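Structure record follows, encoded as structure tokens.
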Amino acid sequence: MKNIIFAILLLLCAYKPVKAVNQLKFNDTTRKPLDTLLYDSLMRKLANGDKTGRWPVKKAPRPLPGAILPFYRVVAYYGNMYSKNMGILGEYKPKIMLAKLQAEVEHWQKADTATPVIPALHYICVTAQAWPGNKNLYSLRMPFKQIDSVLHMAESIHALVFLDLQVGLSTVQKEVPMLEKYLKMPNVHLGIDPEFSMKDGSVPGKRIGTFDADDINYVTGYLASLVTKYNLPPKIFIVHRFTKRMVTNYKNIKLRREVQFVMDMDGWGGPDLKKGSYKYFIGDEPVQFTGFKLFYKNDISVGPKRLLTTREVLQLKPAPIYIQYQ
């Protein structure tokens, strides 16, 4: 279970090598037509020899031009700038953190030389709280100046930015539109964490929360409207998951050309547990793309006390196209 920021924080209120990612032009509105043959080929490659027939997902539409996935793999650092305990993003000073991220990008690039790798900063901009706050929502919005600082850091290494929501007793319907000024930027994408969506009124962290397909469809519809309104390339949308209940009625999730959906395996533990969880919660309930989270500390706290290797992760069926480090 991920750590929660407590009330005291209110006081603080294609293919080329890795360097090719620097050539991505996120503001280019004259995008080339989608190479459908290449797209279909890469989707089959991600299926990684899956024999179940689930992957690649047949109902998934091809994206609009300018799509990042599956042409690139995204490697992200996750966390919050006010907490050293919520992830690597806030654990180190920016220069050190960015250097570590770039080293991981190079690591993944060597592991799969055919797929260029893009760095990303995955910033928790709404954090679940253990106390109710002024509006009894058990969540806290980070100041926009903090998001601006993350954007500045990302710009220095040509990275994507993901804004992540832990809504507590709030809702995605309320929280997502608050971020339009950022989501209309072509390099900014979105993540939501069902673990901290407490529809039953529980205090975040006491039990695991949930989102339904209806919540997810609201978000993809909203993102699609921004793509159309601002003539943007497709948005990447991350949903974290490590139990069945965290995402209900997954078969009803609506896929759109404007949004690239990633179900991210968010659980921690030893290699065998993580592989099994990925198969059961992600591989067996296909939506579109998949992600995989590696915990620098929690994953090595139990036997055999090591992280999964890049090779082991890339051998999963399907192969994750989004990698996140906490």
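At what distance in angstrom do the alpha carbon centres of region 110-151 and region 269-326 lie from each other? Taking the Cα centre of region 269-326 as reference, the centre of region 110-151 is 21 Å away. Think of the chain as having a plus end and a minus end, set by charges on the Cβ of Lys, Arg, Asp and Glu; of Leu98, Pro116, Asn298, Pro116 sits farthest toward the positive end of this dipole.
Using mean Cβ contacts within 10 Å as the protection proxy, how do 109-121, 47-59, 219-231 order, highest first?
109-121, 219-231, 47-59
Only the Cβ atoms of Lys and Arg (+1) and of Asp and Glu (-1) were treated as charged; on that basis the dipole of the chain about its Cα centre amounts to roughly 380 debye. When the chymotrypsin sites (Phe, Trp or Tyr not before Pro) in region 122-203 are filtered for DSSP coil states and for at most 15 other beta-carbon atoms within 10 Å of their beta-carbon, no site remains. By the helix-only formula, in which each DSSP H run with n ≥ 4 contributes -39500 (n - 2.57) and the sum is divided by residues, the chain has a 222 nm mean residue ellipticity of -7500 deg cm²/dmol. On the beta carbon distance between Asn85 and Met178, with R0 = 25 Å, the FRET formula returns roughly 0.50.
The slack in the chain from Lys93 to Glu106, taken as 0.36 nm per residue of separation less the alpha-carbon distance, amounts to 2.6 nm. In the frame of its principal axes, region 66-325 has Cα extents of 46, 39, 38 Å, reported largest first.
FYI, it's all coordinate maths here, none of it is from the lab. Since we're looking at a predicted model, the values are computed, not measured. In this analysis, Cβ positions are derived from the backbone assuming ideal geometry, glycine residues included, and neighbour counts consider all displayed protein chains.
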